[in-house]
Amino acid sequence: MKFTKTGARSSNYATKVNLLVEALPWIKHTTGKTVLIKYGGSAMENPELMAQVMTDIVLLKIIGMKPIIVHGGGKDISAAFEKSGMPVEFKDGLRVTPDDAMELVRMVLVGSVNRRLVDAINVHGHLAVGVSGGDGCTIRATQLNPELGRVGEVTSIDPTYLEHLINDDYIPIVASVATGDDGKPFNINADIAACKIAEAIHARKLVFLSDVPGVLADCENPDSVIPTIRTDEIDGLVLRKVLSGGMLPKIKSCVEALNSGINKVHLIDGRINHTLLLEIFTDHGVGTQIVRPDSVM
């Protein structure tokens, strides 16, 4: 019996050591680099999952990476609309945001969702600063479509404020709100905001943490995750309808980000424990990575 316990313990130690050894080259290539994490889905709405994700992001910070978080807050906004008696309406996947509803959207994103994420990070120390995309005119936008109201199309990103925070050793947490030329706020698609900010700050990695396991070869089979997609394979995946619907604009934004110099884009399932660490620091990962054809690491 004693031999069995010792053997099991030794095997467990060996597994842990192997994981650390496997992580070393990935840590080497990401230390000192910026990683932008677009955070959404149930991983953000479940308090236990959120606490775990924030702890993992703190670990990224401790080992030398420079994380930035960009978030939306769709379900929270819908709940606030319903509570206030406002209609919840979408067109082409974008929330209709009347002028008189924009202040409520900003209150939810900046005053509620952003605050929760900042608090979850700062349990571990004075590490995070909550930021609206309108702060320092970080995100500027113009109206996307009059039928959508205060929904904006990103026109420019000024990363100066975020760079100051990073240089001062903070983790910026950015709510997807922009400033318009009229000085008033716009509601921005968080996926697009994440891609544009990642381009502007020259992030090494862009990670989408949501409710999907990655890109599926068979949409009916959650185990059919495609581990790696090169950008020159995307047109073929669209023709075969592997990529369709709401995934298309996200993939388009990912390709633009990669073409701007970002090394990799990752699509991972935030419902999996420590999915962020597994994807970044293991050889096989847990989601889909999108890379340029010439990418090697």
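The values are calculated or read from the model by the stated rules, or taken from the named source; none is laboratory data. The structure presented is a predicted model; accordingly, all values stated were derived computationally and were not measured. Because the Cβ atoms are built from the backbone with ideal geometry, glycine has one as well, and the counts that use them run over all protein chains shown. The area values use the complete protein model at the heavy-atom level, side chains included, leaving out ligands, DNA and RNA. Shrake-Rupley method; radii C 1.70, N 1.55, O 1.52, S 1.80 Å.
How many residues are under 21 Å from the mean Cα position of the chain (by Cα), open to solvent by 40 Å² or more (accessible area, probe 1.4 Å) and within 24 Å of ILE280 (Cβ to Cβ) if we restrict to the stretch 226-248?
4
If I filter the stretch 170-184 down to residues being open to solvent by 10 Å² or more (accessible area, probe 1.4 Å) and modelled with pLDDT of 95 or more, which single residue comes out as nearest to the chain's Cα centre (by Cα)?
The selected residue is TYR170.
Can you spot a residue in the stretch 114-124 that is within 15 Å of ILE37 (Cα to Cα), touching a strand residue (DSSP E or B) at 6+ places or on another chain (Cβ under 8 Å) and of a type in the set (D, E, K, R)?
no
Give, as residue ranges, the helices (runs of 4 or more DSSP H) completely inside the stretch 184-297 that count at least 3 residues that are farther than 17 Å from GLY72 by Cβ and in contact with an Asp or Glu (Cβ under 7 Å, 6 or more places away or on another chain).
Helices (runs of 4 or more DSSP H) meeting the threshold: 275-281.
Find the residue count for the stretch 104-127, including only residues that are within 19 Å of the chain's Cα centre (by Cα), of a type in the set (A, V, I, L, M) and over 12 Å from MET50 (Cα atoms).
4
Exactly one of (1) under 26 Å from THR31 (Cβ atoms); (2) open to solvent by 30 Å² or more (accessible area, probe 1.4 Å); (3) in contact with a Ser or Thr (Cβ under 7 Å, 6 or more places away or on another chain) is unmet by GLY64. Its number?
(2)
Within the stretch 213-245, how many residues turn out to be at pLDDT below 90 and within 30 Å of ARG140 (Cβ to Cβ)?
2
Which residue pairs have Cβ atoms under 7 Å apart, sit 6 or more places apart or on different chains, and have a first residue in the stretch 125-137 that is more than 13 Å from ILE166 (Cβ to Cβ) and part of a loop (DSSP other than H, G, I, E, B) and a second that is open to solvent by less than 30 Å² (accessible area, probe 1.4 Å) and of a type in the set (Ser, Thr, Tyr)?
Between residues of the stretch 125-137 that are more than 13 Å from ILE166 (Cβ to Cβ) and part of a loop (DSSP other than H, G, I, E, B) and residues that are open to solvent by less than 30 Å² (accessible area, probe 1.4 Å) and of a type in the set (Ser, Thr, Tyr), the close pairs are GLY133/SER176; GLY134/THR179.
Which of the residues that make up the stretch 100-117 are closer than 19 Å to GLY40 by Cα and open to solvent by 80 Å² or more (accessible area, probe 1.4 Å)?
Answer for the stretch 100-117, where residues must be closer than 19 Å to GLY40 by Cα and open to solvent by 80 Å² or more (accessible area, probe 1.4 Å): ARG106, MET107, ARG115, ARG116.
Restricting to the stretch 90-99, count the residues that are free of Cβ contacts under 8 Å to residues at least 24 places away in the same chain and either surrounded by 13 or more Cβ atoms within 10 Å (Cβ to Cβ) or not in a loop (DSSP other than H, G, I, E, B) (or both).
Total meeting the criteria: 1.
Restricting the search to the stretch 146-178, which residues are free of Cβ contacts under 8 Å to residues at least 12 places away in the same chain and either closer than 24 Å to ASP99 by Cβ or in contact with a Cys (Cβ under 8 Å, 6 or more places away or on another chain) (or both)?
Answer for the stretch 146-178, where residues must be free of Cβ contacts under 8 Å to residues at least 12 places away in the same chain and either closer than 24 Å to ASP99 by Cβ or in contact with a Cys (Cβ under 8 Å, 6 or more places away or on another chain) (or both): just PRO146.
Please count how many residues of the stretch 136-154 are open to solvent by 60 Å² or more (accessible area, probe 1.4 Å) and under 20 Å from the mean Cα position of the chain (by Cα).
Result for the stretch 136-154: 2.
Only residues that are among the charged types (D, E, K, R) and modelled with pLDDT of 80 or more: list them for the stretch 280-297, please.
Of everything in the stretch 280-297, just one residue is among the charged types (D, E, K, R) and modelled with pLDDT of 80 or more, namely ARG292.
Do we have MET54 as farther than 22 Å from LYS250 by Cβ, at pLDDT 90 or above and open to solvent by less than 10 Å² (accessible area, probe 1.4 Å) here?
For MET54, the condition - farther than 22 Å from LYS250 by Cβ, at pLDDT 90 or above and open to solvent by less than 10 Å² (accessible area, probe 1.4 Å) - is met.
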